[in-house]
Each structure stands twice: as C-alpha cells, then as structure tokens.
Amino acid sequence: MSRVFAGGGGGGGGGDWSRGQAPPPPRNERGGRGRGRGGNRRSQNQGFPEDDGDYAPLVSTANRWKPAKDTSVMVKVEKQIKGLLNKMTKEKFGKLSAQMCDIPILSYEMLTMVIRLVYEKAISEQTFSDMYAELCSQLAQRVKKSSFIKIIESDEDPMAEPGADYNYDEEGASASYRWSNDVSTSDGEIVGPFESPEECIDVAIDNDNDMDPVKREDMELELHRLLIKRGNFIKIMRARESGKFYTVYFPVSQAEECGQQLSKKIFTSEIECQNDATKMNTFKRSLLNKCEDEFNKQDIYKDWKVEKKEYEKTKSTLTEAERNEREEELEFRRIKIKKQMLGNIKFIGELYKLGMLKEKIMRFCIQSLLKLEEVEGSDFVQLKNSEDDEMDEEDHEALCNLFTTIGETIDNRKAAPYMRMYFDKIEALSEDKSLSSRSRFMYKDLIEMRQKGWKLRRELETAKTLAEIRKDAEREERKQAQESQQAGYGGYGGRGGGGGGGRGGYRDDSGRGGRGGRGNYERGESGRRDGGRGGYDRGPQRNEGRGGYGGYSSGRGVPPPMSSSRVAAPPVVSKILSPPLAGDRSGGSGQIFDEEKLKLRAKNMRMEFMQDPNEKELIMSMDEVLGSPDAGKIIVQANIEYAIDCKDSERKAIIEIITILFTNGKVTVSDVRDPLADIVEFIDSYVIDSPGAFGYLGDMLSAFFHMEALGVNWLCDCTSKLMGKGDQFKVISNAFASMKNAYGDAAVRSFFGGADEIKAFEQLLGPADFGKISSQYL
C-alpha cells in the first residue's frame, strides 16, 4: 500500500513522494508558503552541527595581548619636552630651562625634534618670543659637542671623483674618514651571529655569500665598529648577553635608500672629520636650518591665493551655505598663515638680538620682504627691485614688525649703506597711495621711531614675572607721589569757602574757619579751626569770609595761579610706600629706612637694574632712601661687598650703578671711599673665599678713579694698612691693569703717571717694586 503526498510543502514546492522511494533532493529556490519568515530552516542549517551547549568557557591566557604605551626613547623625550614647554613662564624660566638643558640629546633626530617643538611653541606664542630665544641660546651653549656623532673608517680615495670606480688594494692602505649622525643599534633585521668582527667583515665584502638576515626582536646590541670597506658600509654590533657579533651592511651608493646618513665629503684625517661633524651638527647650525626653512614658507600664501582665485571663479555655482563654509575655511587658513609668519619673523628677530643669527641673515630677510636684491659685480653696496616686486599686506606688516624687533640692534655704522637704501624704499612706500592706509601709517610710525632712536611711541605689552609686575606697581606709585609733591596744594582761597585754611595746612572740618596759622595739619570736627600755610580746605561750602592766604576752597571760586613755593602734599595711601617722615635730604622723599632695609633695597636696586638698566628708575629708587642716615654709604657698601664674590655680569652692573649714582649726586665721595677702604684693608681675608678678589678690586678701583671719586694718596694710605708687601703690590698692580684694560694707556698715565702720584707709589712699594709696574704700564 502506498501513501502519496501531493501539493506544496512547508519549505518545498510541488512533487510526489511515496514510501520506499528515496527522498527528493533539497531545492535551492524558495517556493510556496516556505518563503515566509524562517523558511526552510533545516535546509539552511544543513552541514553545520547543532549547538548542544557542550563547550569550554573562554580562559585568559598568561601571554594574552594587552594594549601598551609606546615607551621608546623618542616618545619619552618628546613628552618630557612638551610638558616643560607647557609649564614655562617668565617666573619659572630659570628652573625649567635648566631641566631642558639637562635632557641628553642621543641622536640627530632627537636634536631636530627639540628644535621643532621649541620653534612651534615660539611662533604660536609671540608674547614669549624673547623667552624662547633665550632658551635656544642656553641650549646652544650646552649642545656643542654631540655624543651621537660617529666617525667611520674608510678605504675610499678622498681625491677620486664622486661615483668613480676605485681600485682597492689588498691591504686597504688608503686611510680616509666619513661621519654619520644617525647610527643606531635597533635594526629590525641583522646578520649573524659571528665569533669575531673579522668574520662580519668577510661576510660583508663577499659578494657570493648567501646568509639570510635574522630578526633582532628583543636582543640588546651595542655598537662595536663602523667602517667602509670595498664600497660597502659595515656596521658591527655585539650582543650584550651572549657576546656574539652581528652585522648590517649595504653598498655605500645605497646609503640614502637604506636610510643611513653619511657625510658627502671624505676626509683625510680623523680630526678634520670630527671638527666638520661637530660644526654641522650643533644646536645653533640646526636652528639656523630650521629658521631658513620656516622663513621660506612665506610662499604658503601663493597656494592660498590660488585657491582663493579658484573659489572666486566657482563662487556663482555654489549655494549660500557652501559659499559661507568655503569663505570661513579660507579666512581661517589666512589668519593661521599670518600668525605663523609674524610669529616666525619676531622669533628670528629675537634670536638675532641674542647673537644666535648673523647680520647677513637678517639682511636677507629684510631684502626678501622689501623685494630687493643686491647688484652683482658692483664696487659698492647697491640694491635693485627684484623681478617679482609685488608686496602683499602681510609683507608690509612683517617688515614693520621685524624692524620694530631688531631696529636698534641692526641700525649700526657697519650696516649704514643698507639701512639708507632700505629706508629710501620705506619712505616711498609710506607715500604710496595704492597701499592701504594701515600699511602707509605703519611705515610712517617706523620712520618716526628710527628718528627717535628706535624708541617706541608706547610700551609694548610683554610677558612679565611677578617681580616685574610688582616693580611696575612701585614705579606707578612713585610717579603719582612725585607728581603730587611737585604739583602741591598751595593757592588762594576762593570766595565762599569755609573759614579759610592757611598756608601749609590740610583741613577737613565741618565748621567755620578763620585765618589759619602756620604749618598745621588738622582734621577738625566742629567750630573754628586754624589751617596751616598752604592749606587744603575740605569744609562745607559757607559763604562766610575769605579763605586764608594759600588756601584751596571747595567753593565755586576759581583759584588763582599757584604759589612759587613747593610744599608737601597730603600723605599718599599706599601698600608699597611708607608714610613720609622728617629728615628729608636733597632729592629724597623723607622716608627713613634702617640698615637692614637699606641693604635689602640695595639688593633690589641691583636686581632691577640688571633686568632693566634704566637710569631714571635707579635714581628714583635712590631718591626714596636718601632721607635715611648714611643711606648712600650703606647702599654702596652692600653692593661693593657683594661684588667681591659674584658673577662678572653682576659686578659690571654694580660698578655701573655706583657710577650713575655718583655722577648724579646721589652718593658722595665719602660714601664711596669709606666702604672701599674696608675692602682694601681686608682684601687678604676676601681672597680665601674668592681667589680672584684682587682682580675684582682692581676693576672697582679703576672705575671709581675714572669717575674721580678716588685719589692716589687715598689708595696708598688704605693699601699701607695691609700687612704683606706682596698684597700691597697686588692691589696696586691690579688697579693699573684694570685701568689699562678698561680705559687705555692714556687713562693710566693721566691718573697714575704724575710726579706726585709716582712718588706716593714709590714710598708705598719701594722704587724697585713700583719700577716693575711702571715699566709695564707707564
């Protein structure tokens, strides 16, 4: 009996099947109702095992992959430098710059990375350009001889033409040298191991060897030897653990292709090769290359201008939203390029001011911006307009910024012919009506600034330390106080004033007043009060009588011209200045300082003068303390004692400070002589801690002789108190030597060469000893 099924099945189509027959093959196409969701699932899963849930769970292995930070040396150093640069301010500069200078430069790649990071920071933060220039100056002093330079022994012929074939002799007697600045021991693949360096060399020069390189992996290698033999560069390294030797080699002609830097020149001596390598790989040379590359990037504007023109052509085909987006993008790029260019110009100028770049380089920059070039073959300096003499708005601004930065330094006698021609064109540009008003007036300001000795019309806002900010606050306070003192408050009282304050008084009462007495300072509460001479009446407006002579009334009357007498102003409320007291000295403010405060003031004056050698500020600072007893002597003594054991720059500043104060009448002859006499008398004690004390004393003696604060008789009298004849001889001989070095032979003869002077020196030292000095200096 057979059973027959007909019709479309769930997943199949039509077809008959009867018991005893083989089942029909599965069909690929979907048919009937089986096309619905899920379809013929059994046919879809055919060939795959059913999921019975019997499997082991995932287990973390010991050597599973983990994400790891890149801890290579370059990445660590880059992170460290970026961190220091981000923290650097004027206040922290000394500490952080020292940390940067202490970072070891292990490769030329690392050196260029340091320069790149500092340069990018400098041009992005124009306010700190001078600080970053100083940082470069310090780095240049530290990175003079680079440890990453390697000298390579070679058997090449230094006299052969580049690329010429060379007949190597069997012994390789031709000794020559090259250098490289990027030799590493971290090659990915190496050849070896070998038992000796000689085996490495044999394999490298054998053209028939078929040794395959091996992966270095984590093997630590150290450089053993570098050489060039039979046209092959050979680097021999030694494994630290096993002591086996490995090598990397390739033809010298393929060095650039293999990423290995080699000097182009071949040297005949190792010393010559070393000197050239040091010169070409200093921080200063690499920084110069960076400056040149960055300055030449001014051509970035050309690409921007091309894009701008293309946009103008297609502008009409764009929608308003697309036009706005494109214009914003172009404007953003223009601002970014301009900021980079101006920052680069300012930084280059700051480097030049510190002596990092030569004047010739600055002339090239100026002439590039002015579109000028030198006439070749001319017997004298002559410039002409270059063929492409079109200057854009950014060139005008960059040129003015550059001159603002370096004008005072570059405008010297040597550069006079160039400066004359530069400013001939600048004057023409300032009158060129085709330029924008902004550019023309920038040039006019530049011309005016040069005429005034490169003094800015207004002080530029720059980054300052906290000490400089405090100094500015003190300067402002002093200025206001002096203006108040000079203006005074004397005058005639107006009609309708309160019962008149007289000359000299300060009045703030609420009652009537009569004619004042002399010299009072009174703040009354009620009734009749007498003001002093030159009073300042702040009483209520009462139409009762006339104010006293010199009073200033708050009434409606207009005060007549001020009295010729200068009188003290009301006290200035200040957190910095102390209230004025009696005991005013000529030019002083009347303030009293004890000895400790005077010594502190001497230190502050010295530090401020070294940061900003402003003569007016120095005199103003001294004026504030002249009311104190022995102020001049204590100020001089504190500085002279410090000068015996300090840096040369500080000693130079101290001598200049005392000279300025003496020539302006702020310290007297005795103020200078008395402290210096103590130094001379006890110089033998100072030598114990400061071996150069005799020389330092000689510098001060010669300077103070030159400003005519000292005399030979005074010097001989002070020197005679020294116990040792040898010390006496050293004092006098160093004074002569310093006078000659600082002021010349004529000054020595003028101050020490008179008959009376020679007699005094001979009485002190004896004719024989003084004869040694006179034969050398007189």
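The values are calculated or read from the model by the stated rules, or taken from the named source; none is laboratory data. Everything numeric in this text was worked out from a predicted model, so none of it was measured. Neighbour counts are summed over all protein chains in view; Cβ atoms, including those assigned to glycine, are modelled from backbone coordinates with ideal geometry. We work out accessible area using only protein heavy atoms, side chains counted, and drop any ligands, DNA or RNA first. Shrake-Rupley method; radii C 1.70, N 1.55, O 1.52, S 1.80 Å.
Quick look at the numbers
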{"quantity": "Extension reserve of the residue 382-residue 669 stretch, reckoned as 0.36 nm per residue once the Cα distance is removed", "calculated": "97.9 nm"}
{"quantity": "Packing-based ranking, highest mean first, of 108-115, 422-429 given that Cβ atoms within 10 Å are counted", "calculated": "108-115, 422-429"}
{"quantity": "Proximal lysines relative to residue 215, as straight alpha-carbon distance under 21 Å, when same-chain residues fewer than 8 apart are discounted", "calculated": "235, 244"}
{"quantity": "Euclidean distance between Cα centres, the stretch 228-242 to the stretch 384-414, Å", "calculated": "53"}
{"quantity": "Residue order for 215, 730 - accessible surface, 1.4 angstrom probe, largest first", "calculated": "215, 730"}
{"quantity": "Size of electric dipole in the stretch 295-360: Cβ of Lys, Arg +1 and of Asp, Glu -1, about Cα centre, debye, nearest 20", "calculated": "480"}
{"quantity": "Given 603/740; 338/433; 95/121; 616/666; 338/384, the pairs whose alpha carbons are separated by over 21 Å", "calculated": "603/740; 338/433; 338/384"}
{"quantity": "Loop-resident sites, the stretch 306-348, for chymotrypsin sites (Phe, Trp or Tyr not before Pro), counting at most 12 other Cβ within 10 Å (DSSP)", "calculated": "none"}
{"quantity": "Nearest-10 value in Å² for the accessible area of residue 668, using the 1.4 Å probe", "calculated": "50"}
{"quantity": "Long pairs among 360/425; 150/336; 414/455, criterion Cα-Cα beyond 30 Å", "calculated": "150/336"}
{"quantity": "Accessible area (Å², 1.4 Å probe, nearest 10) - residue 179", "calculated": "20"}
{"quantity": "Heavy atoms of residue 142 accessible to a 1.4 Å probe, total area in Å² rounded to 10", "calculated": "130"}
